[in-house]
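Input: a single structure, listed below in structure tokens.
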Amino acid sequence: MAVLSKPFRRMSPLRWREARAGYLFVLPWVLSLLLFTLYPLIATGYLSFTDYTVLTSPTWVGLDNYVTMFTNDQSFWTAVNNSAYYALISVPLGLVLSLALALLLNMRATGIGLYRTLFYLPSVVPPVAATLVFVVLFEPVSGLINTFLRTVGMPAPAWFADPNWSKPGLILMSLWGIGASTLIFLAGLQDIPKSLLEAAEIDGAGAWAKFWHVTLPLLSPVILFNLVIGVIYSFQVFTQAMVIGGTTGRPLESMLMLMVLIYRNAFGYFKMGYASAIAVVLMVFVFALTLLIFRLSRRWVFVEGGEQ
Amino acid sequence: MAQVAYDESYPLDHAAQARRVALARWRRRAIALLRHMILILVAVVFALPFYWMLVSSLKPSSLVFSQPLQLFPNPIRWENFYDAATFPGFPFLRFLWNSTFYAGMATIGTVLSCALVGYGFARLRFPGRDILFILTLVTLMIPGVVTLIPTFLLFKTAGLLGSYAPLIAPRFLGDAFFIFMMRQFYLNLPTELADAARVDGASEFRIFWQIILPLVRPALMVVAVFTFLWTWHDFFGPLIYLSDPSQYPLSLGLFAFRAQRVTEWGLTMAGAVLTTLPLIVVFFLAQKSFLEGIKLTGLKG
């Protein structure tokens, strides 16, 4: 309070009026921070050290939940594997393909607007509806995709009915949604000054050299942004996995993502303490990964006006 | 052989250069053509799920996976939409209304609160403002799931489970991402107008409401369309807070329908079309705001 009261005392009536208005303007958000962020964060941390089934009050169990999670819950490791598999393949693949698509779109020609609209449109489709459409498309016996694959003489896997192929199916499905990051990349590409590309051309740079030495470095902050957002989101994939595999992660727990496991423990078994512990681990993991990406990014992200 | 005489003369050199220019032009055209061919191929692949959703929604369930596969529905079964809309226990029309209510209320709440809070952060000076703003940015990095369980328990204690209150009320208090976005918009506005009004004795709220808000209408549209879209998509929130099927929004209703009527694929796809179509309409009506928002802030779908 002493820290706060000092500037208050020195304030002129006009400044005080402004400050009072400022507090009133941000008041709703302060309430939200306290009620829906700060309190739940602390409470989740506390609950993760308790046994809590909602019916009785929480009982302190120390590190039991964490010990159980790491040493005695096969499902937890399955979920870690599944989530990591999905995130670590779908995010880089999506980045490369959306960048390629943005490069293709980055030209002056009639009809580009039409492509842009069409590529973004899948992002408008509600995930539950989109997933059900892909369940139909990936149907093993007479789905459209397998019918096509068999017609051209390629192997037709059982996709969402085969534990080895369900995650690749989920990843392919996620690629349908790359339109949003494609448009972000396209905006980044259009921000690259023409003069730089022309200067490189005069110096004798070919198309590949221009891309590698001019376009890519200038685009690297956008790549970093898409990478971080992609990782944070894909580790929290829930709806798609739930629509395909339900709370058990069919087939054979291959769709059991960390979020599904948390949901199952919290709202299926009412193990609120244990679910909180998994949530804490998920958060720490996503934080650590984000930090790692930022650390490594110093080596490849180009900062305008920086050393490089 | 007469050409030998022109061997080192200007016209021949000129012809060679013309050939080179023509070649370069053809190369450019060939590359452009190739690009368009790839883009058209990608476009077809992207459009295919839309086509298949529509086609399957017009087939009787027995023909969705028929052998050989029907690429076009025959007969066309429009009744699927009627049947889905009135299915006993799964009233899709009711779901449609619920989704509209949920997304509409969430949009009103988010636009109002973020316009207000963003203005406070951008244009008013008060002690603690910068720390508060940094905290706001930090919350962007926190996965929603870590606050989920206590928030659920909070609403349970308040006796609000089974209602839309837990889904809508928090939206009226703001959203970190859109507050951040609105703040950037306000910062780019000139200050003269507001200063003049302040000298004339207008209250801060009046300045905000009558002078500033009309200037940031495009930004408010971006907040509105994305909040509407994402709330319409929301599956997790309704799954946790709602229990009576008559309250379900479309996403959850569609999920529940498919869980119980596993073989009704024709009707399920009709339900998927009903769930998707309103958003496609909104998208085409507000396409400008969508594209603006993606470009400005790197919004993901």
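Values quoted throughout were computed directly from the atomic coordinates according to the rules given, and no laboratory measurement underlies them. Keep in mind that what you see is a predicted model, and the values were worked out from it rather than measured. Using ideal geometry, Cβ is built from the backbone for each residue, glycine included, and neighbour counts are taken over all protein chains shown.
Annotations for the structure displayed:
- Inter-centroid distance (Cα atoms) of the stretch A:235-257 relative to the stretch A:145-172, Å: 18 Å
- Counting, for every residue in A:15-23, the Cβ atoms of other protein chains within 10 Å of its Cβ and taking the mean gives 6.
- Three-way shape label, the protein assembly as shown, alpha-carbon gyration tensor, a/c 1.5: oblate
- Packing-based exposure ordering (other Cβ within 10 Å, fewest first) of B:Trp230, A:Trp159: B:Trp230, A:Trp159
- For chain A, the membrane-span-like helix rule (DSSP H, alpha carbon extent of at least 27 Å along the helix axis, mean Kyte-Doolittle at least -0.5) picks out A:13-32, A:74-105, A:272-300; this says nothing about an actual membrane.
- Inter-chain shielding of B:43-51 (mean C-beta neighbours from other protein chains, 10 Å cut-off): 5
- Choice from A:Arg150, A:Arg17, A:Arg298 showing the highest fluctuation, given a GNM over chain A with Cα pairs closer than 10 Å: A:Arg17
- Base-10 log of normalised Debye intensity for chain B (one unit scatterer per alpha-carbon) at q = 0.08, 0.11, 0.12 Å⁻¹: -0.57, -0.86, -0.96
- Dipole of chain B computed with +1 at Lys/Arg Cβ and -1 at Asp/Glu Cβ about the Cα centre; of B:His233, B:Tyr186, B:Ala24, farthest Cα towards the positive end is B:Ala24.
- Cα gyration tensor shape for chain A, rounded if a/c is under 1.5, else prolate or oblate: oblate
- A helix-only calculation puts chain A at -21000 deg cm²/dmol for mean residue ellipticity at 222 nm, using -39500 (n - 2.57) for each DSSP H run of at least four residues, averaged over all residues.
- Dipole moment magnitude, nearest 20 debye, chain A about Cα centre, only Lys, Arg, Asp, Glu C-beta charged: 940 debye
- Electrostatic dipole magnitude of the stretch A:1-117 [Cβ: Lys, Arg +1; Asp, Glu -1; Cα centre; debye, to 20]: 1120 debye
- A convex hull fitted to the Cα coordinates of the stretch A:1-144 yields 325 cubic angstrom per residue.
- The stretch B:203-279 and the stretch B:107-167 have their alpha-carbon centroids 19 Å apart.
- For chain A, modelled as a GNM whose springs connect Cα atoms under 10 angstrom apart, the maximal fluctuation among A:Thr147, A:Thr239, A:Thr248 occurs at A:Thr147.
- Lys pairs under 30 Å by Cα in the protein assembly as shown, provided they are eight or more residues apart or on distinct chains: 11
- Positive dipole terminus of the stretch A:32-166, leading residue within A:Leu101, A:Val128, A:Ala156 (C-beta point charges): A:Leu101
- Entry for the stretch A:125-178 at q = 0.26, 0.27 Å⁻¹: log10 I(q)/I(0) = -1.06, -1.11, Debye formula applied to identical alpha-carbon scatterers, no solvent contribution.
- Judged by the gyration tensor of its Cα atoms, with axes a ≥ b ≥ c, the stretch B:237-301 is prolate; a/c meets the 1.5 cut and a/b is the larger of a/b and b/c.
- Long-range Cα-Cα pairs in the stretch A:26-80 (distance over 18 Å), rounded percent: 53 percent
- When the charge dipole of the protein assembly as shown is built from unit charges on Cβ atoms (+1 for Lys and Arg, -1 for Asp and Glu) and taken about the Cα centre, the candidate among A:Leu258, B:Ile212, B:Val199 whose Cα reaches farthest toward its positive end is B:Val199.
- Choice from A:Asp191, A:Asp203, A:Asp162 showing the highest fluctuation, given a GNM over chain A with Cα pairs closer than 10 Å: A:Asp203
- Rounded to the nearest 20 debye, dipole of the protein assembly as shown from Cβ charges on Lys, Arg, Asp, Glu: 800 debye
- Exercise: per-residue mean of other protein chain Cβ atoms within 10 Å, B:115-127: 6
- Sorting the segments B:80-86, B:279-285 by their mean number of nearby beta carbons within 10 angstrom, highest to lowest, gives B:80-86, B:279-285.
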